[in-house]
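Every number in this text was worked out from the coordinates using simple rules, so none of it is lab data. This structure is a prediction, so every number in the text was calculated from the model and none was measured. Virtual Cβ from ideal backbone geometry, glycine too; neighbours counted across all protein chains shown.
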Amino acid sequence: MAKLFGSSGVRGLANVDLTPLLTSKVSSAVATHAKTKKATVARDTRVSGGMLEDALVSGLISCGTDVLLLGMLPTPALAYLTKALGADVGFMLTASHNPPQYNGIKVFNGDSLSYTDEDQDAVEKIVAEGNFTLADWRKLGRATSADAGQIYLDMVQEAVSLKKQWKIVVDPGCGAAFNVAPQMLTTMGCKVTALNAQPDGYFPARKSEPTAESLRDLAKTVQALGADIGIAFDGDADRVAFVDEHGAFVNFDRSLAAYGAFSLKRNGGGTVVTNVEASMCVETMAEKYGGKVVRTRVGDIYVSEAIKRESAVFGGEPCGAWVHPHIHLCPDGPLSAALFLAALEEECKSVSEFIAEVPEYITMRENIACKNDQKYKLVEKLGDSLKTAFPAYTDFSTVDGARLALKNGWLLVRASGTEPLIRLTVEGESPEAAKDITQKATALIHKQIEAQ
Ligand code: MG
């Protein structure tokens, strides 16, 4: 059987890959695996959300699980509420930042932590074998609706209080934060202008992935209104993106590094977790404040797991998915936005000033054609030749692909998960360093492909 779960749950084209039938099988399998008594269910604004929700709930009820229907909410709100409402498991129907024709299922345990690889494997096995524990007809579960968004908002309110009246433009992109984010910022005393704050599962206003390109309207509005900051989220609002007071999109690596440094400063040191793809500016900033950086595979669950294991003060991925472990372990866009504003206040800085301390390094990316049946083996074999080619390397890691840290940069070689490609990512202290590392590594990969 093909793998159901990817790095962010089950994901696919609605009604093509992800059908109501498969959805109910997955929820029944989770109920069987975790022997669940009480589950929470929420969804983003996608058109297929209601259809899949009905199927998901049927699967749970048939296994005797009671269901709390939370409606349209951000993924982090669902994760937080799963714990707060004492449920054993939480289901979020979302395809995150993917286009509107996609949908997906993210599963969280009662500790607000995304399902681990082990849990996912167990669920996949139950689906494959059709081995569901169905309830007697007198013991079916019950579904009730609960308006619990306020409990999440209360949590943010308690965690963050602002003194200044910030002038903010917020852009939920018609996604899951359409209601929560403007409401949260208004309650905190900010002067809020909201763009694309109507729920619309076609995402007519912009792509649900926040990028400099997709947030152009937000940037223009920040400039036109003379606002202090622009804040945007992806489709399910586990990611946050910022536009500074001049209307410039804030680079994800630099905001992650700046906030990581702030967390370390506040905690008097500690650990920050990020993935293998993040810029080395995260280390530069962490070292400045007496902290260390732990790197994981790409995927927010790996970051969350490492945060828990290392008792880290903060962690995140350079796509805007930030985890604040003193509150909960799911990446949380609205909470991140609130904490970011509080950090600016504490430092008495504007967004651009807060980011200015973080050095800007040069990133280069190359895709090199390589047959699907060779690409993984090649990456595995490449480690030794990379170490020989760069003898002055400072660190070598195979946590995800092959990553070599150098004095003036780093390089990462990974096999593409979906295409016949080897992906090379390089970062250098200077354009010359980046170019030099890229040329050397590219030549080495080509040589290895020819030798196979
Ligand atoms: Mg997301």
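Odds and ends about this structure:
- Relative contact order for the range 1-104: 37 percent, from Cα pairs under 8 Å spaced at least 6 residues apart, divided by residue count.
- Neighbourhood charge, 14 Å Cβ-Cβ cut-off, centred on Leu411 and excluding it, Lys, Arg +1 and Asp, Glu -1: +2
- Chymotrypsin sites (Phe, Trp or Tyr not before Pro) within the range 237-311: DSSP coil, no more than 16 neighbouring Cβ in 10 Å: none
- Residue-normalised convex hull volume from the C-alpha trace of the range 169-257: 87 Å³ per residue.
- Summed side-chain charge close to Ala146 - residues other than Ala146 whose Cβ falls under 15 Å, Lys, Arg +1, Asp, Glu -1: 0
- The chain - percent relative contact order, Cα under 8 Å, separation 6 or more: 12 percent
- Packing here is the average count of other Cβ atoms within 10 Å per residue, and on that basis the peptides 362-368, 226-232, highest first, run 226-232, 362-368.
- Extension gain, Cys348 back to Lys407 (0.36 nm per residue minus Cα-Cα distance, nm): 17.9 nm
- Unit charges on C-beta of K, R, D, E only; dipole of the range 1-149, Debye: 260 debye
- Computed over the chain, the ratio Rg/Rh where both radii use C-alpha atoms and Rh is Kirkwood: 0.98
- Within the range 389-443, trypsin sites (Lys or Arg not before Pro) in DSSP loop having at most 14 other beta-carbon neighbours inside 10 Å: Lys407
- Taken as Cα centroids, the range 139-214 and the range 404-452 sit 39 Å apart, rounded to the nearest whole angstrom.
- Across Lys35/Lys125; Lys106/Lys375; Lys3/Lys37; Lys288/Lys349; Lys163/Lys191; Lys387/Lys440, pairs whose alpha-carbon gap is larger than 21 Å: Lys106/Lys375; Lys3/Lys37
- Helical content of the chain, expressed as a calculated mean residue ellipticity at 222 nm, amounts to -12000 deg cm²/dmol (DSSP H runs of 4 or more residues, -39,500 (n - 2.57) each, divided by residue number, nearest 500).
- Extension gain (nm, one decimal) between Arg138 and Lys125, 0.36 nm per residue minus Cα-Cα: 1.9 nm
- Ordering Val169, Leu386, Pro431 by Cα displacement along the dipole of the chain toward the positive end leaves Leu386 in first place; charges were set at the Cβ atoms of Lys, Arg (+1) and Asp, Glu (-1).
- Residues in the range 340-347 carry Karplus couplings, in order, of 5, 4, 5, 5, 4, 4, 5, 8 Hz; the curve used is 6.51 cos²θ - 1.76 cosθ + 1.60 with θ = phi - 60°, and Gly or Pro positions show x.
- Take each peptide in 217-223, 72-78, 148-154, count the other Cβ atoms within 10 Å of every residue, and average; sorted highest first, the result is 72-78, 217-223, 148-154.
- Centre separation in Å (Cα based) which lies between the range 344-358 and the range 32-73: 41 Å
- Positive minus negative residues near Asp217 (Lys, Arg vs Asp, Glu; Cβ under 10 Å): +2
- The residue list Met155, Val41, Thr19 was ranked by how far each Cα lies along the charge dipole of the chain toward its positive end, using unit charges on Cβ atoms, and Thr19 comes out on top.
- When +1 charges are put on Lys and Arg Cβ atoms and -1 charges on Asp and Glu Cβ atoms, the dipole computed for the chain relative to its Cα centre reaches about 440 debye.
- Assuming charge only on the beta carbon of Lys and Arg (+1) and of Asp and Glu (-1), the dipole of the range 184-268 about its Cα centre is about 240 debye to the nearest 20.
- Per DSSP, loop trypsin sites (Lys or Arg not before Pro) in the range 88-146 with at most 15 further Cβ within 10 Å: Arg142
- Contact order normalised by residue count of the range 216-342, Cα under 8 Å, 6+ apart, percent: 24 percent
- Cα-based equivalent ellipsoid, the range 362-451: semi-axes from gyration tensor eigenvalues, Å: 20, 13, 12
- Here's the picture: charge each Lys and Arg Cβ at +1 and each Asp and Glu Cβ at -1 in the chain, and of Ser214, Phe242, Thr116 the one pushed furthest to the positive end of that dipole is Thr116.
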